[in-house]
1. What number, rounded to the nearest 500 deg cm²/dmol, is the helix-based mean residue ellipticity at 222 nm of the chain, given -39500 (n - 2.57) per DSSP H run of at least four residues and division by all its residues?
2. Counting DSSP beta bridges with both partners in the chain, what percentage is antiparallel, nearest 5?
3. On the full set of protein chains, 1.4 Å probe, figure out the accessible area of His149 and give it in Å² to the nearest 10.
4. May I ask you to compute the full-extension gain from Leu215 to Gln263, defined as 0.36 nm times their residue separation minus their alpha-carbon distance, rounded to one decimal in nm?
5. Kindly count the pairs of lysines across the range 318-409 whose alpha carbons are less than 15 Å apart, treating pairs on different chains or eight or more residues apart as eligible.
6. For Ser30 and Lys271 in one chain, what is 0.36 nm times their gap in residues minus the Cα-Cα distance, to one decimal in nm?
7. Restricting to the range 87-239, compute how many DSSP beta bridges are antiparallel as a %, nearest 5.
8. Using only Cα atoms, tell me the angle between helix 234-243 and the longest principal axis of the chain; keep it within 0 to 90° and round to the nearest 10.
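The values are calculated or read from the model by the stated rules, or taken from the named source; none is laboratory data. All figures in this text were calculated on a predicted structure; none of them were measured in a lab. Every residue, glycine among them, receives a Cβ derived from its backbone with ideal geometry; neighbour counts consider all protein chains shown. Ligands, DNA and RNA are stripped out before the accessible areas are found, and what is left, the full protein with its side chains, is counted by its heavy atoms. Shrake-Rupley method; radii C 1.70, N 1.55, O 1.52, S 1.80 Å.
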Amino acid sequence: MTMKMNQVPKQFQVTPIHSKDYLVNGEIKSWKGPSSEVFSSIQTENESGEMAPTFLGTIPDMESETALEAMEAANKAFDRGKGLWPTMKVKERLTCLEKFAGKMKEHREEVVKLLMWEIGKSLGDSQKEFDRTIDYIYDTVEAYKKLDHRSAKFEKEGGIHAHIRRGPLGVVLCLGPYNYPLNETFCLLIPAIIMGNTAIFKPAKHGVLLITPLLKAFQESFPAGVVNIVFGRGRKIAQPIMKTGVIDVLALIGHSTSAVALQDEHPRKNKLRLVLGLEAKNPGIILPDADLDHTIKECISGTLSFNGQRCTALKVLYVHESLVDEFNTKFSAAVDALKYGLPWEEGSFLTPLPEPSKPAYIKGLIDDAVSKGAKVMNKKGGQQSVNYSYPAVLYPVDESMNVYKEEQFGPVIPIIAYKDINEPLDAMAASDYGQQVSLFGRDVRKIGPLIDILSNLVCRVNLNSACQRGPDVYPFAGRKNSAVGTLSVFDALRSFSIRTFVASKDNPYNNEILENLLNSKESNFVSTDYLL
Ligand code: G3H
């Protein structure tokens with residue numbers, strides 16, 4: 001079937017964006033060097049009348065020199081803690097952030113449209129990603145006010161007065177993922193800057209054009225050098241920046257191999273703080289007394305929301321042997337009933353995969369599992385098109401198969417039958433991941449002790465519910481290779497800051513100075529004022 005751009009509903013049509021802009025030291029500069037082309041995996045008819053990936057535009061393919069210029073700008077804005085931004089009153093920083101949120105909202109339609117074309121996310125989910133990010137900014141403002149409120153006091157212990165606050169760490173390199181190019185990146189960037197750090201931000205490989213409409217909003221809302229945005233390959237941008245040793249925090253949502261490689265570049269490792277959200281292989285454990293209809297509904301959303309391209313996706317299902325046949329029949333039928341379509345089409349649950357190599361990778365996982373004894377349980381499983389692989393339910397899966405070990409990050413669902421609950425527990429303990437688990441069942445005598453164990457293997461036990469990151473006020477963390485640090489509206493403020501305080505021995509001489517300091521308002525740090 002062919003599709004011309006003019007057959008796409010008018011409000012979702014795109015014309016190529018040729019962006020040369022980048023933001024360094026408060027200036028939107030124009031890149032003079034080579035560009036990279038951006039294509040959508042969604043195919044439309046090209047000028048030669050052939051169906052081909054849709055050309056969305058171009059972005060700068062920057063060299064290391066420009067990356068280092070951005071880093072210098074961030075370093076200068078922090079200025080060893082002397083900069084305007086890290087010493088600014090909390091209230092003023094919050095005003096900048098609120099100004100940014102206001103300006104960002106004006107670009108909702110544009111950004112949502114690009115989310116659909118660049119990463120194939122459905123209209124509803126793209127809108128949700130945008131709105132959730134705006135909410136995150138306002139929630140962060142409120143969380144920071146509370147944090148500031150709690151710090152607006154003096155304590156006295158052991159004859160020493162202390163005024164304890166959280167201070168910035170320095171210069172942050174911020175790298176986000178393609179599956180949530182807006183939300184997850186901003187969930188790093190926003191708390192990082194609000195705490196007084198300065199940042200260099202490089203968008204992910206996919207979901208990059210959608211950042212371009214926001215450059216001006218960043219420029220107009222923050223002082224020069226606080227947020228610097230550059231485009232290009234990690235190899236030419238992130239690695240040289242890390243090598244300088246200037247970076248104080250590596251904030252990255254992505255794969256542990258990238259995080260480790262970047263840490264290895266840093267010459268002053270003890271200085272480097274890490275805020276990392278990494279890969280996972282969250283299991284669903286289905287106990288013999290689980291309500292099957294409910295479990296299947298949750299397992300569908302857990303395994304296949306955004307085609308399984310979520311770090312929180314359920315990536316392996318352990319089903320008790322007493323109900324595995326019934327589960328497989330019903331689950332496979334539910335998978336085959338899912339609607340595949342273009343992101344803007346009503347009711348599309350499954351949508352094109354943005355990575356051109358993904359369908360072949362998924363096919364490789366299926367072929368490998370089948371060659372080792374698994375079967376594709378659903379009729380449509382593994383049906384391939386140029387930009388899609390219909391979700392395949394694989395059973396029985398065992399340790400010898402690649403899909404058992406690898407984080408598939410796509411539409412393939414391995415199912416393992418177990419007899420003894422220690423089988424999934426042992427597998428989780430042996431795994432390199434430890435983000436979340438979904439536990440399906442109802443007998444509290446079984447569930448209770450299991451929760452006690454599972455909560456020591458992962459960081460969130462979802463009871464009869466799919467794994468997910470949200471609501472964003474809840475802690476998002478992981479053990480082993482799944483994360484370093486905790487993110488949430490509140491925890492992220494802690495992750496991007498350090499406790500630092502002013503201490504003074506309790507004697508008349510010091511106390512008079514402290515009182516004068518408070519009354520004079522000469523220090524933005526020493527202050528008992530707070531924001532409502
Ligand atoms: O890719 C990982 C995301 O943090 C998942 O977030 O559970 O809200 O989809 P989500």
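1. Details: 17 runs with 199 residues, N = 532.
About -11500 deg cm²/dmol.
2. Values: 35 of 74 bridges.
Close to 45 percent.
3. 90
4. Numbers: separation 48, 0.36 × 48 = 17.28 nm, distance 2.78 nm.
Result for the pair: 14.5 nm of gain on full extension.
5. Values: Lys330/Lys379; Lys330/Lys380; Lys339/Lys379; Lys339/Lys380; Lys363/Lys372; Lys363/Lys375; Lys363/Lys380; Lys372/Lys405.
So the count of such lysine pairs works out to 8.
6. On the way: separation 241, 0.36 × 241 = 86.76 nm, distance 3.35 nm.
Length gained between Ser30 and Lys271: 83.4 nm.
7. Numbers: 3 of 11 bridges.
Here the antiparallel bridges make up roughly 25 percent for the range 87-239.
8. Helix 234-243 sits roughly 40 degrees off the main axis of the chain.
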